[in-house]
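Working notes for the structure below.
Bear in mind these aren't lab numbers, they're just calculated from the coordinates by the rules spelled out. Since the structure is predicted, the reported quantities are computational estimates derived from the model, not experimental observations. Cβ sites come from the backbone with ideal geometry, for glycine too, and all protein chains shown count toward neighbours.
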Amino acid sequence: MKASKNTLFCSIKENLPRVTVKNVVCRFFVIVLLSLFAAIISPLQAQLCNGSLGDPVVSITFGSGGNGGNYSPPGAYTFINSICPNDGFYTITNNTSNCFGNSWHTVSKDHTGNGAFMLVNASYTPGDFFVTTVSDLCPNTDYEFAAWIMNVLNRSGIKPNITFSIEAPDGTILQQFQTGDIPETIGGGQWKQYGFYFKTPVNNPVIVLRMTNNAPGGIGNDLALDDITFRPCGPSITTAIQGINADTVHICEGNTNDYRFEADASAAYQSPAFQWQLSKDSGSTWTDISTANASSYLRLPTEPGVYSYRVAVTEQSSAGILACRIASNVVVINVHPNPAVSAGNDRTIISGDSLHLGGLVAGESPQFYWDPPAYLDDINNATTAAMPVTGIDYTLYAESAYGCKSEDSMKVTVVAGIFVPTAFTPNNDGKNDRWRIPYLDPAFGARVEVYNRWGQLVYHAEGQVVDWDGKVKGMPQASGTYVYFIRFKKGRPLMKGTINLIR
């Protein structure tokens, strides 16, 4: 079509040396046309799974490094045990650094951080750098293929440009996808995932995965490859918790409620086979639940933990083929532990002294309080002057951020002072056989020392219950008079006196 004088017309090849309104408008239309053209001819990367995905049934992670594996096609690239392979070579490694005058990024880990990756320095001639055969797929099934790639060059140069090709064993192309130029990144290498969908053949699910480097080698076109996966895509499957409009339920330890999960499989399944699964590590690994093969599953109470559930579905005809399983969304029962609460041991306090109740509370951001609030100056401190001599029982209550509750109790006894017995008879008659100081609470932190007539230390205790059987290292001590000293850390004077040991 020829443009009229009133038609704005731009030629992509037009040379416009002067900046004019027409130039600007023309260039704008050129950019738009190029973008539309690129969108039309670019591969269908946005073609997503319209139903549900299964777990990766093939996962090539390159292990932990140290060998070449069988990843490179014969004659194309050569394996070398080096973290800086030259043009036309590749390696399997978990790091690369200080390569070619530091023109590569330092890569200290693979995509997931716990293994190795394939490091490729492109040959000068474009061609295949990775070819493998995959046979563990389900026939006549849509699959998501994905792989993680990094441009390891840290400066301007030739950019990797990869074509992924899924082929039948006879070379028939089932699907292709081209990454386009993979740009360099500044400040560190970045892993990026590329992927697309394809359908396996009806009668033979064996496919060949081919990766072709479209750009020449030289200065650049160096890449890292990791975590190649194939995941089946099937009709939609949804899972819900009966009677609850949420995917996650928070309950407390000891909750006895049962929860029923319901699965809704698309009508596209002619005869669906169900398998409920459980994960205790937030979905990293899944385990089949024995005999849970119906469209619903009744969950019984469990101990604290995070329990994730889903259902895997296949047609009955392929129920035994794991590669055909499609997984539903995940529902979670989070059983929160009750707060850990310890009110502490029973306490004895001297009238008029202040008392710090203390106690230990731990858990998921718990709030706590003592009850009754009588004689409490604040949440933990009590004034004992007005307490009855009979004492008072305190209970420490705690409640977590999820409403989980615990409690523990202790008794406070108020005494007028510390009474120290002045005699005991360790003769094993069951009467007054041990020297004890009944109201010396360990919380006082007192140091108790007993000396014989020659000044030798025969008993000591610090911050403990005082309980002497009249022996030293298992040897009974002689009858006689012994001297004791009770030293307090602060706030109370030294106490001393004598004890008569009578046999």
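Summarising the label geometry, the points placed 7 Å from Cα in the beta-carbon direction at THR78 and ALA168 lie 3.7 nm from one another.
Distance between the C-alpha centres of the range 430-503 and the range 185-220: 81 Å, rounded to the whole angstrom. Please label the shape of the range 237-336 as rounded, prolate or oblate, based on the square roots a ≥ b ≥ c of the eigenvalues of the alpha-carbon gyration tensor (a/c under 1.5 means rounded; beyond that, a/b larger than b/c means prolate, else oblate). In terms of gyration-tensor shape, prolate. Just to be sure I understand, if you calculate Cα Rg over 2.2 N^0.38 Å for this structure, which of (1) 0.95; (2) 0.88; (3) 1.67 do you get? Checking each listed value against the structure points to (3).
FRET efficiency for the pair ASN214 and LYS192, taken as 1/(1 + (r/R0)^6) with r the Cβ-Cβ distance and R0 = 25 Å, rounds to 0.90. Computed extension length for ASN255-VAL483: 76.2 nm, one decimal, from 0.36 nm per residue of separation with the Cα-Cα distance subtracted. The stretch between ASP281 and TYR451 holds 55.1 nm of extra length on full extension. This uses 0.36 nm per residue minus the Cα-Cα distance. Treating r as the C-beta distance of ASN427 and SER351 and R0 as 45 Å, the FRET efficiency rounds to 0.80.
Note on THR133 and ALA386: the model spin-label points, each 7 Å out from Cα along the C-beta direction, lie 9.1 nm apart. Of the cross-linked pairs LYS431/LYS471; LYS109/LYS159; LYS471/LYS496; LYS199/LYS280; LYS431/LYS489, those separated by over 25 Å at the C-alpha level are LYS199/LYS280; LYS431/LYS489. A full extension of the chain between ARG436 and ALA294 corresponds to an added length of 44.3 nm, given 0.36 nm per residue minus the alpha carbon distance.
DSSP beta bridges fully contained in the chain are about 90 percent antiparallel. For the range 385-471, chymotrypsin sites (Phe, Trp or Tyr not before Pro) are listed when DSSP marks them as loop and at most 12 other Cβ atoms sit within 10 Å of their Cβ; the list is PHE419, TRP454.
Here the sum of -39500 (n - 2.57) over DSSP H runs of 4 or more residues, divided by the residues of the chain, equals -1500 deg cm²/dmol at 222 nm, to the nearest 500. Placing pseudo-labels 7 Å out from each Cα toward the beta carbon at ARG155 and ARG503 gives an inter-label distance of 9.3 nm.
I need the shape label for the range 105-166. Rule: rounded when a/c is under 1.5, else prolate if a/b > b/c, else oblate, with a, b, c from the alpha carbon gyration tensor. Note, shape of the range 105-166 comes out oblate.
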